[in-house]
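What follows draws every value from the coordinates through simple rules; no lab data is involved. Just so we're clear, the structure is a prediction, and the values are computed from it rather than from any experiment. Counting neighbours? That spans all protein chains shown, and the Cβs are built from the backbone with ideal geometry, glycine included.
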2 protein chains.
Amino acid sequence: MTPTELFAQIQQKRSFLCVGLDTDIDRIPQHLLTEEDPVFEFNRQIIDATLPYAIAYKPNLAFYEALGAKGLTSLQRTLDYLPADVLTIADAKRGDIGNTAERYAKAFFETMNFDAVTVTPYMGRDAITPFLSRPGKWAFALALTSNAGAADFQYHTDGGEKLYERVLKRSAAWGESAPGELGFVVGATRAEALQEVRALAPKAFFLVPGVGAQGGDLEAVCRMGKNEMGGLLINSSRGIIYAGSGKDFAKAAGDAAFALQSQMAGYIG
Amino acid sequence: MTPTELFAQIQQKRSFLCVGLDTDIDRIPQHLLTEEDPVFEFNRQIIDATLPYAIAYKPNLAFYEALGAKGLTSLQRTLDYLPADVLTIADAKRGDIGNTAERYAKAFFETMNFDAVTVTPYMGRDAITPFLSRPGKWAFALALTSNAGAADFQYHTDGGEKLYERVLKRSAAWGESAPGELGFVVGATRAEALQEVRALAPKAFFLVPGVGAQGGDLEAVCRMGKNEMGGLLINSSRGIIYAGSGKDFAKAAGDAAFALQSQMAGYIG
């Protein structure tokens, strides 16, 4: 998917919403457990209910890997079910030396046919560029994350430049010369930081986790994060997929997705 | 496996050798491709041939994930085949927020029953500590890696402290209070750096990739990296598993492993 195609989806659905499929076998509704593939069945119903409001879906690999080979089968079925006009993101946070990174790129872009994958920058250039070698395929590099541990290393400051700022500047340059697309993961818990990051990477798409159902956060993220191409993928995982826990879980998820999309719509021309 | 048990293996086999199972379906000998599970069959023969010389085995997850669910089945069979007295390391370089990291820990330590997993520190404390919550299970955090891109971010220097030094100091403190064991990934391409890292983390085990068949490197790594508990796991992947490419590939792998172990033996009392 090209940035232009993604922007068209954003405009058509008036949405920045990415639904995080952190599907936990221990949290899905009881009545699904008798299905042959409960994880896929849960995902299928969540997708059906949220598709009018979402432009992207982001399965979290950890939840599938925890189930072994069976989990990867559920993941593959989910990927095959998702329509081509949403961006599919493997939340995998991979990062390894060149020949290994190329294998991960093959796993996510070819074997599983994801559009995008999240990557971690600690090992530098050769850990990221193999994910940028395919036109229409995307990598989202961790820049400033929203978790408590983000402060341990991401604010390490060299010559006035914080580590996450260096990541943004250096990897943006690698992205510019590559056939693929490079975006960044930028946490939503610090809206003022989002503004600063937008100034450093004006054209990039940001994948923004950490947005709850709170309108305040969401409003700040939309206002400070968007650019002329939309530029945002705002993720909600548990707030949508576990909005309900009974037989009406999919309807509850759809309602939660609609509530977020409605707030986003005001920021999309 | 406890550090004492690992040290006993090091002494018994007079070896620091870790065999990297970066098993590439495109590189395994032709005659194995008719097997029902060529990847497992390759690994099984490599393990049989190298077991007298190796104290650890390190499958690289990327190579298995690139094959989809089938790859994870081959990996699980490999894990089930490995004897309990070698350290099994998932080279996965995972690193994500707490609840996701806990899922990865469950995937590697429970579903697959690895002894250890490599982790990436960019997201900080909550990305690492979930891997340290199980007695006898290990995490190896990336500190100073051996690839070209290592220089992009790992030498970022704040108040005289390089990023990899901060990773060593901070995460060592998290490891001390945890039931599990924390080691570090330290590349072999800079032997003088290994000496400095050893001074910063005197008790930790180091997983050292990047050692070729060159005696010089290996000698420097053993001399500068070892401690009173051994403290080293020196990895060779392609140099061993692709030492041969014909029907005698396993014998060639065994010979390559023996050659490395023989050089290591001189440094183990």
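Structure data summary
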item	result
Selection within the stretch A:78-107 - part of a helix (DSSP H, G or I), at the interface with chain B (Cβ under 10 Å from one of its Cβ atoms), under 23 Å from A:C18 (Cβ atoms) and touching a Phe, Trp or Tyr at 6+ places or on another chain (Cβ under 7 Å)	A:A105
Number of positions in the stretch A:129-187 that are more than 9 Å from chain B (Cβ to nearest Cβ), of a type outside the set (D, E, K, R), out of contact with any strand residue (DSSP E or B) (no Cβ under 8 Å at 6 or more places or on another chain) and not in a loop (DSSP other than H, G, I, E, B)	2
Scope the stretch B:119-136; condition under 18 Å from A:L142 (Cα atoms) and either surrounded by 23 or more Cβ atoms within 10 Å (Cβ to Cβ) or not basic (K, R) (or both); matching residues	B:V119, B:T120, B:P121, B:Y122, B:M123, B:G124, B:D126, B:A127, B:I128
Residues of the stretch A:189-202 satisfying the condition of being under 17 Å from the mean Cα position of the chain (by Cα) and part of a loop (DSSP other than H, G, I, E, B)	A:T189
When residues of the stretch B:14-59 are limited to those that are in a helix (DSSP H, G or I), surrounded by fewer than 23 Cβ atoms within 10 Å (Cβ to Cβ) and touching a helix residue (DSSP H, G or I) at 6+ places or on another chain (Cβ under 7 Å), the one farthest from the other protein chains (Cβ to nearest Cβ)	B:D48
Of the criteria (1) under 17 Å from the mean Cα position of the chain (by Cα); (2) more than 12 Å from every other protein chain (Cβ to nearest Cβ); (3) without any contact (Cβ under 8 Å) to a residue 60 or more places away in the chain, which one B:V117 fails	(2)
B:A141 being surrounded by 24 or more Cβ atoms within 10 Å (Cβ to Cβ), more than 19 Å from A:A150 (Cβ to Cβ) and in contact (Cβ under 8 Å) with a residue 40 or more places away in the chain	no
